[in-house]
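Below: one structure, written as structure tokens.
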Amino acid sequence: MNNNPICFFDSGIGGATILKEVIKLLPYENYVYYADSINNPYGNKTKNELFKIVSNVVDNLLEYNPKLIVCACNTATAMVLNDIRKKYKDIIFVGTEPAVKVVHDKYQDKKTIVITTKGTGESKRFKKLFNDYKTKNCTLVEAPLLAGLIENNKDPYPYLKELLKGYKDIDIVVLGCTHFPLAKNAIKMVLGKVTFIDGSIGIANRIKNLLKDNLNLNGGNIKIISTKDDVSKIILKIINKNY
Ligand code: DGL
């Protein structure tokens, strides 16, 4: 048994959409969630800026002796996680990537859009994933302002209406940023009925597999660290609610 926490970080509240699925699967773990809202959006930073920001987050999380660290952010995973792994060789990191493979495996002929931040969409790592697995009906849509709107509790509908106005008859929307599940309703208002895909359940299963000999049986605490305004209530609401 290992009581050390599973640590999460993101540029704010978005990574809680992953934490929610992990808690469902592993309710007796202890969790630390680091909401780095002060640096939101990660998606508009340069690689060097983001490497420094994420190094600082990891340095802070190391104080908690994490059993593993979840990079609950597609952007940080795409832009800097390889370099972060090289810097912190003893730490197990779990990254987050847009679920393009799921579309490739299950929804070959469905009309699909993959929505990402600018940083993810333009990263080498994502471009490779997208080129390797995209289906012929799959289009990338970068949404540089969406994570910021969600983080700052602004209505994303007007922005999405403009961004997605050229897209009709979409079957599948891949949510390629952990903030985006929180805009599902606004996306539905623009596109109508669509199926949403995100990577959260896959990540939860991967974490369970990684920790199989190292699980906690009597934890269940969640500590939330906010770098700007206190977002604990919002995070707990995301964990406990359907959206
Ligand atoms: N939630 C993040 C992601 O999954 C980051 C969004 C941002 O800060 O740009 O990409």
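Derivation of every value follows stated rules applied to the coordinates shown; laboratory data play no part. Just so we're clear, the structure is a prediction, and the values are computed from it rather than from any experiment. Positions of Cβ are backbone-derived with ideal geometry, glycine not excepted, and every protein chain shown enters the neighbour counts.
Mean separation of Cα pairs under 8 Å and 6 or more residues apart, divided by the residue count, gives the range 156-243 a relative contact order of 29 percent.
Taking the helices alone, the chain has a mean residue ellipticity at 222 nm of -12000 deg cm²/dmol, built from -39,500 (n - 2.57) per DSSP H run of at least 4 residues and averaged over all its residues. Taking the Cβ of Gly176 as the center, what net charge do the other residues with Cβ under 11 Å away carry, scoring Lys and Arg +1 and Asp and Glu -1? Net charge in that neighbourhood comes out at -3. Close amide-amide hydrogen proximity is noted between Ile225 and Tyr33, Tyr34, Ala35, each under 5 Å apart and 5 or more residues distant or on a separate chain (H modeled in the peptide plane; Pro and chain starts excluded). Projecting the Cα atoms of Ile84, Ser55, Pro98 onto the charge dipole of the range 1-119 (Cβ charges, centred on the Cα centre) puts Pro98 farthest toward the positive pole. Applying the Karplus relation 6.51 cos²θ - 1.76 cosθ + 1.60 with θ = phi - 60° to the range 176-186 yields 3J(HN,Hα) values of x, 8, 6, 6, 5, x, 6, 10, 4, 4, 5 Hz, where x marks Gly and Pro.
Only Lys, Arg, Asp and Glu carry charge here, each on its Cβ (+1 for the first two, -1 for the last two); on that basis the range 38-146 has a dipole of about 360 debye about its Cα centre. For a straight C-alpha distance cut-off of 24 angstrom, the lysines reachable from Lys161 (same-chain residues fewer than eight places away being disregarded) are Lys110, Lys111, Lys118, Lys184, Lys188, Lys193.
If you run the Gaussian network model on the chain, springs between alpha carbon atoms under 10 Å, then out of Lys47, Lys87, Lys111 the most flexible one is Lys87.
Using only Cα atoms, tell me the angle between helix 124-133 and the longest principal axis of the chain; keep it within 0 to 90° and round to the nearest 10. Helix 124-133 sits at roughly 60 degrees to that axis. Enter the angle in degrees (range 0 to 90, nearest 10) between the Cα long axis of helix 47-62 and the first principal axis of the Cα atoms of the chain, meaning the one along which they spread out most. Roughly 40 degrees between the two axes. Would you please give the FRET efficiency between Asp155 and Asn214, computed as 1/(1 + (r/R0)^6) with r the Cβ-Cβ distance and R0 = 30 Å, to the nearest 0.05? Rounded to the nearest 0.05, the efficiency is 0.10. Length gained on full extension, Lys134 to Asp109: 7.9 nm, using 0.36 nm per residue less the C-alpha separation. Magnitude of the charge dipole for the chain, about its Cα centre and with charges confined to Cβ atoms of Lys, Arg (+1) and Asp, Glu (-1), is about 540 debye.
The angle between the Cα long axis of helix 200-210 and the longest principal axis of the Cα atoms of the chain comes to about 30 degrees, rounded to the nearest 10. A straight Cα-to-Cα reach below 14 Å connects Lys87 with the aspartates and glutamates Asp59, residues fewer than 8 places away in its own chain not being considered.
Near Tyr157: Cβ cut-off under 15 Å, other residues only, Lys/Arg at +1 and Asp/Glu at -1. The net charge is +3. Subtracting the Cα-Cα distance of Asn48 and Asn2 from 0.36 nm times their residue separation leaves 13.1 nm of extension gain. Here the extension length gained between Lys228 and Ile91 equals 46.7 nm, from 0.36 nm per residue of separation less the Cα-Cα distance.
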